[in-house]
Amino acid sequence: MKITKTKIPDVVMLEPMVFGDERGFFFESYNRKSFEAIGLGREFVQDNHSHSARNVLRGLHYQLGQPQGKLIRVVAGAIWDVAVDIRRSSATFGQWVAEELTAENKRMFWIPEGFAHGFVVTSDWADVLYKATDFYAPASERSLLWNDPQLGIGWPLSGEPILSGKDRAGLPLSQADVFE
């Protein structure tokens, strides 16, 4: 597996070894021993699947009381995936990184605990799978404002984003509860 650190070193891009032939392809998307060997040993307790249309923007979500690390991948379509460092004690607090994840490139994005996460669908539709290190806890969930000028995220939208009420009501970083 190829590991590429982003400008925020705790967030990494993972590219699995893909074995393909005339029948299709095979790759190992997760192996606990392999992940432990590269320093990403975490216990995943929940798998999630999101299906969304073009311009659906989900995020920027995080859980304060039960923080979740997330291993994101796309099995159909394409997304632009974003991680925002919201650990006040971090040298990269308030910074973000983004990567394109597609069914074709098979890349995976590791977003550790202490980050807000969101994505926008850039294909007609996308199926996104992600593993989480803690369970969904609605009482702990928070949302950053997707278009917070302080963050300055340049979302690759082709028109207005399609947002949930929760995401419309996200708070700017300056007003949000964050990790110490």
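With respect to the conditions (1) part of a loop (DSSP other than H, G, I, E, B); (2) buried (at least 23 other Cβ atoms within 10 Å of the Cβ), VAL74 lacks only one, and its number is (1). PHE119 meets the conditions (1) of a type in the set (A, V, I, L, M, F, W, C); (2) without any contact (Cβ under 8 Å) to a residue 60 or more places away in the chain; (3) not in a loop (DSSP other than H, G, I, E, B) in every case but one. The failed one is (2).
Which of the following residues is in contact (Cβ under 8 Å) with a residue 12 or more places away in the chain, closer than 26 Å to VAL45 by Cα and part of a loop (DSSP other than H, G, I, E, B): LYS106, LYS131? Before the answer, list the steps.
Working: LYS131 fails: part of a loop (DSSP other than H, G, I, E, B).
Result of the check over LYS106, LYS131: LYS106.
Within the range 85-98, is there a residue that is among the hydroxyl-bearing types (Ser, Thr, Tyr), in a strand (DSSP E or B) and surrounded by 16 or more Cβ atoms within 10 Å (Cβ to Cβ)? Show your work before the answer.
First pass over the range 85-98, keeping only residues among the hydroxyl-bearing types (Ser, Thr, Tyr): 89-90, 92.
Subset that is in a strand (DSSP E or B): none.
The answer is no, given that none of the residues of the range 85-98 is among the hydroxyl-bearing types (Ser, Thr, Tyr), in a strand (DSSP E or B) and surrounded by 16 or more Cβ atoms within 10 Å (Cβ to Cβ).
How many of the residues in the range 158-176 are of a type in the set (Asp, Glu) and either exposed (fewer than 11 other Cβ atoms within 10 Å of the Cβ) or on the phi > 0 side of the Ramachandran plot (or both)? So the answer is 1. Which residue is nearest to the chain's Cα centre (by Cα), if the candidates are limited to the range 21-59 and must be more than 18 Å from VAL74 (Cα to Cα) and either assigned to a strand (DSSP E or B) or basic (Lys, Arg) (or both)? Among residues in the range 21-59 that are more than 18 Å from VAL74 (Cα to Cα) and either assigned to a strand (DSSP E or B) or basic (Lys, Arg) (or both), the one nearest to the chain's Cα centre (by Cα) is ARG42.
Read-outs throughout are calculated quantities, based only on the coordinates presented, and are distinct from any laboratory measurement. Keep in mind the model is a prediction, meaning the values are calculated, not measured. Cβ atoms come from the backbone with ideal geometry, glycine included; neighbour counts cover every protein chain shown.
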